[in-house]
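To start, the structure itself, in structure tokens.
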Amino acid sequence: MDFDLNEDQSLLHDSVERLAADLYPSLESRQARLKAPLGFPDAGWTAFVDLGVTGLPFPEAEGGFGGGPVETLLVMEAVGRNLVVEPLLASLVLGSTALRLGGSAAQTARLLPGVIDGSLRLTLAQTERQSRYDLHDVATTARRSGDGFVLSGAKSVVPNADAAGLMVVSARVSGERRDPHGIGLFLVPTDSPGVAIEAYPTQDGGRAAEVSFSDVALPADAALGDLEAGLPLLERVVEHGIAALAAEAVGSMDALHRLTIDYLKTRTQFGVSVGSFQALQHRAVDMLIQLEQARSMALYAAMMVEAEDPAARAAALAAVKVQINKACRYVGQEAVQLHGGIGMTLEYIGAHHFKRLAMIEYQLGDTAHHLRRITQAENGLLAA
């Protein structure tokens, strides 16, 4: 199989890497950007929009650029390598995937122009306080009212909710709280009466929010995809999110490994570079092995995320997340150990890569959760 980038992909890779590096030339510049009201400046978002990133996953016939998982991988690697804080995971991957895979022709025609020109940002609200990582555990309800719906409940840790204009929200239309059937996805404007957003910064420099819905009135066309069988669509959206996180983690681990090697070459002890100590060289090589294994899994995720077999796709993305989680922890902890005290100093960029990798390990499913998913796949339970 040919893993080389084609001409368009190479151009995208170079352009996104150059833009991200220009926007984030130093830790100081990143910290300054975080002080913006939404956690990122409008100019940074506009720069990614002007490059065409927000239209990347949509077909050319709809005004997009017709990119696929590989193109998303290239963007998210640059995000990770440069610790980009613009909400590309929330909007470009999670929200846009839900719209792309589940939106009707009318919904797409109405919303897509704003998504592509950057005036409309999206996010996904699927986590509840009791649900942990189980997508089918949904207590938020959407009861029918006339021709529309009334949404009630709450969602937790919604990424960049305060910067989004539209949320894709999972809600129960019928059945009990943990039933896999009876779950719908709804397009909910963040400024709707009854929507309350309590936003906060996260440890890695991002932003999330607790969102509550108090009898939010929604029209009939707010439903996305199959009204009572939205779980398969939600699972596909999360799978795309896992593939994107894998690529972001590879970018961040690559940057952190390079920082660690540079530090070992310049730090001296007993009159020599500590990089000359064989034991430390072995540990640096072990970091590289973990990084390259993660890179292979990110490529595997890009290959499998659009596979037609749902069970095979779910098992593959669960395996990807397990390996990525392990690599994030190993590379992050080894980098701290090899740096010594400076590795956890917030004035050092390496510590911020460590924090982002620590967050990725638990985002969209921790290791234990996805190991259970793999076991379920082996027992044929994911296809049920």
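The values are calculated or read from the model by the stated rules, or taken from the named source; none is laboratory data. Note that the structure is a prediction, hence the values are computed from the model and not measured. All Cβ positions, glycine included, derive from the backbone under ideal geometry; neighbour counts span all protein chains shown.
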Scan segment 264-275 and report the pairs whose first residue is in the same structural domain as GLY343 (by TED's automatic domain parsing) and whose second residue is of a type in the set (Gly, Ala, Ser), with Cβ atoms within less than 6 Å and a gap of 6+ or a chain change.
LEU264/GLY275; LYS265/SER273; LYS265/GLY275
The number of residues in segment 288-306 that are in a loop (DSSP other than H, G, I, E, B) and surrounded by 15 or more Cβ atoms within 10 Å (Cβ to Cβ) is 1
Residue pairs, Cβ under 6 Å, 6 or more apart or interchain, first in segment 361-378 and touching a residue at least 24 places away in the same chain (Cβ under 8 Å) and on the phi < 0 side of the Ramachandran plot, second polar (S, T, N, Q) and assigned to a helix (DSSP H, G or I). List them.
GLU361/ASN325; THR367/ASN325
Here, helices (runs of 4 or more DSSP H) confined to segment 17-83 with at least 1 residues that are over 24 Å from PHE354 (Cα atoms) are 42-51, 69-82
Look through segment 1-12, keep the residues that are assigned to a helix (DSSP H, G or I) and either acidic (Asp, Glu) or in contact with an Asp or Glu (Cβ under 8 Å, 6 or more places away or on another chain) (or both), and return whichever of them is farthest from VAL85 (Cα to Cα).
GLU7
Scan segment 109-149 for residues that are of a type in the set (Gly, Ala, Ser) and more than 24 Å from ASP42 (Cβ to Cβ) and report the count.
7
Inter-residue pairs, beta-carbon under 7 Å, first more than 11 Å from VAL85 (Cα to Cα) and touching a residue at least 24 places away in the same chain (Cβ under 8 Å) and in segment 22-41, second assigned to a helix (DSSP H, G or I) and not aromatic (Phe, Trp, Tyr), 6+ apart:
LEU27/ILE349; LEU27/HIS352
When restricted to ARG313, ARG258, ARG283, the only residue within 26 Å of SER96 (Cβ to Cβ) and part of a helix (DSSP H, G or I) is ARG313
